[in-house]
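K.L.:
One structure coming up, written as structure tokens, with questions to follow.
The values are calculated or read from the model by the stated rules, or taken from the named source; none is laboratory data. These numbers come from a predicted model, not from an experiment. Cβ: placed from backbone, ideal geometry, glycine included. Neighbour counts: every protein chain shown. Calculation scope for accessible area: heavy atoms of the full protein, side chains included, ligands and nucleic acids excluded. Shrake-Rupley method; radii C 1.70, N 1.55, O 1.52, S 1.80 Å.
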Amino acid sequence: MRMRFCLVLIISLMGCTTPPSNEYEKKTDLESILDEFEYQLQKDLQDDNLNGSFSVVIVKGEEIIRSKTYGQLDFKNTPANANSIYRIGSISKSFTAFLMMQLIQDGIFELDDPIEKYLPEIRQLREYSDSTIITFRQLASHTSGLNSGPDLGRPSTSAIQEWESEVLACIPATGFRSRPGKSYSYSNIGFAFLGYAIARAAGEPYIELIQKRILDPLQMSSTYFQVPEEKQADLAQGRWGGPMGGYDEDRPKKEHEGTGWSVPNGGIYSTANNLAKFMICSMGYSELLSDDNLALMQTMQTPEGKWHENYGLGFTLYKDSIISTIGHQGGNPGYRANMLFEKESQYGVVILRNYSWGLTDLNLKSTILLRKLKELSLEEVE
């Protein structure tokens with residue numbers, strides 16, 4: 001009795017969020033599964049103690065079934081809300097690959113065309129030769145063999161208007177880890193080259209193409225490459241570091257001024273509700289891309305390897321005996337993001353956070369949730 005009293009007292013002093021009343025019972029229905037998921041996120045947010053925030057959206061098919069935000073938007077303790085804007089990091093790669101497939105669908109170029117056809121400067125890569133010719137498919141699947149980033153000897157922090165010239169400056173400073181097509185090798189600079197090559201092939205600026213071909217049709221009116229002045233109050237202020245690293249508020253602020261060449265591979269800002277629109281589109285609830293081309297994006301393009309090397313075209317893939325998930329993670333200094341959906345049950349989850357390190361592994365938490373929801377859907381069929 002005394003032990004139980006002490007435990008309750010400790011929890012009370014820590015200020016823990018009150019758990020669901022049936023916390024220790026087996027979750028058997030949709031509402032209790034979602035409630036438990038929300039409780040765990042709120043508890044992690046409180047335990048991380050960084051005064052940050054989460055923005056979460058859960059979908060079933062093309063319907064949003066939960067949309068919640070917890071915590072603080074800024075350093076003035078302003079509550080985050082549904083309009084709060086976060087950086088989504090490498091989820092931007094999914095947008096770039098989606099645009100690529102739209103242009104391929106329109107006959108602008110082919111998936112296995114060499115990049116040098118539209119970006120001849122690529123021949124300036126270190127050790128480039130006839131045996132290292134790179135295709136669109138290889139860049140979009142991280143099988144180009146390129147290093148993760150260039151060896152510039154300086155940070156790339158130029159303004160967004162200069163990102164294309166920064167990409168060109170990166171070419172002679174970038175080399176290979178392996179020969180193209182031979183292995184999976186995650187490359188941020190590879191997706192920067194991809195975005196620029198796409199624009200060259202289409203004859204239009206990359207950012208304008210994303211706006212016209214994806215954001216406008218999906219009515220993603222709160223998604224940007226540069227947050228406009230009138231929306232600055234909605235921008236979640238990032239915290240670089242956290243419980244497992246040094247805390248820094250200045251670096252995320254500095255990065256809003258410009259991130260150099262990282263536009264097609266990590267430059268997008270969005271809200272959770274807006275990003276859910278793109279996720280729903282990627283689940284097939286849109287006419288922006290044919291079913292065949294969408295399926296191709298979500299088919300493994302990488303050589304056989306570990307599960308985290310199962311990559312399509314702009315999407316990370318995972319499959320086991322229960323679930324089959326498609327999505328992408330993202331991270332910038334001061335921000336973490338995850339977009340993930342389960343192919344068969346058509347459940348999906350978006351999580352955005354304005355601090356870098358904490359208790360919540362966004363992808364793991366999302367995967368566990370989707371597994372529970374898939375199991376629930378299977379039970380309902382029985």
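K.L.:
Could you work out the local net charge near Gly258, counting Lys and Arg as +1, Asp and Glu as -1, over the other residues with Cβ closer than 11 Å to its Cβ?
P.N.:
Combined, the nearby Lys, Arg, Asp and Glu give -3.
K.L.:
At a 10 angstrom cut-off on C-beta neighbours, averaged per residue, how do the peptides 364-375, 125-136 rank from highest to lowest?
P.N.:
Taking the mean over residues of other Cβ atoms within 10 Å, the ranking is 364-375, 125-136.
K.L.:
Hey, got the dipole for the chain? About the Cα centre, +1 on K and R Cβ, -1 on D and E Cβ, debye to the nearest 20?
P.N.:
Dipole of the chain, to the nearest 20 debye: 900 debye.
K.L.:
Same structure again: With every protein chain present, what is the per residue accessible area of the chain (1.4 Å probe, Å²)?
P.N.:
Heavy-atom accessible area per residue stands at 45 Å².
K.L.:
Given the protein chains as shown and a 1.4 Å probe, how many square angstrom of Arg336 are accessible, to the nearest 10?
P.N.:
Accessible area, nearest 10 Å²: 60 Å².
K.L.:
Label the range 261-382 by shape, choosing from rounded, prolate and oblate, from the square roots a ≥ b ≥ c of the eigenvalues of the Cα gyration tensor; if a/c is under 1.5 it is rounded, and otherwise prolate applies when a/b is larger than b/c, oblate when it is not.
P.N.:
Verdict is rounded for the range 261-382.
K.L.:
I would also like to ask the following. Can you run phi through the Karplus equation (6.51, -1.76, 1.60; θ = phi - 60°) for the range 222-227 and list ³J(HN,Hα) in whole Hz, with x for Gly and Pro?
P.N.:
10, 10, 9, 9, 9, 5
K.L.:
Could you please state, rounded to a whole Å, how far the C-alpha centre of the range 37-112 is from the C-alpha centre of the range 210-261?
P.N.:
12
K.L.:
In addition: First check a/c for the range 135-279, with a ≥ b ≥ c the square roots of the eigenvalues of its C-alpha gyration tensor; if it is under 1.5, answer rounded, and if not, answer prolate when a/b is larger than b/c or oblate otherwise.
P.N.:
Oblate shape, in that a/c is at least 1.5 and b/c is the bigger or equal ratio.
K.L.:
Work out from phi, with θ = phi - 60° and the Karplus expression 6.51 cos²θ - 1.76 cosθ + 1.60, the ³J(HN,Hα) of each residue of the range 52-62, listed in order in whole Hz, and give x for Gly and Pro.
P.N.:
Result, rounded to whole Hz: x, 8, 10, 10, 10, 10, 10, 10, 10, x, 9.
K.L.:
Going down the list Lys76/Lys253; Lys43/Lys365; Lys231/Lys253; Lys43/Lys93; Lys76/Lys277, which pairs span over 21 Å between their C-alpha atoms?
P.N.:
Beyond 21 Å between Cα atoms: Lys43/Lys93; Lys76/Lys277.
K.L.:
To the nearest 20 debye, what is the magnitude of the charge dipole of the range 288-382 about its Cα centre, counting +1 on the Cβ of each Lys and Arg and -1 on the Cβ of each Asp and Glu?
P.N.:
Roughly 520 debye for the range 288-382.
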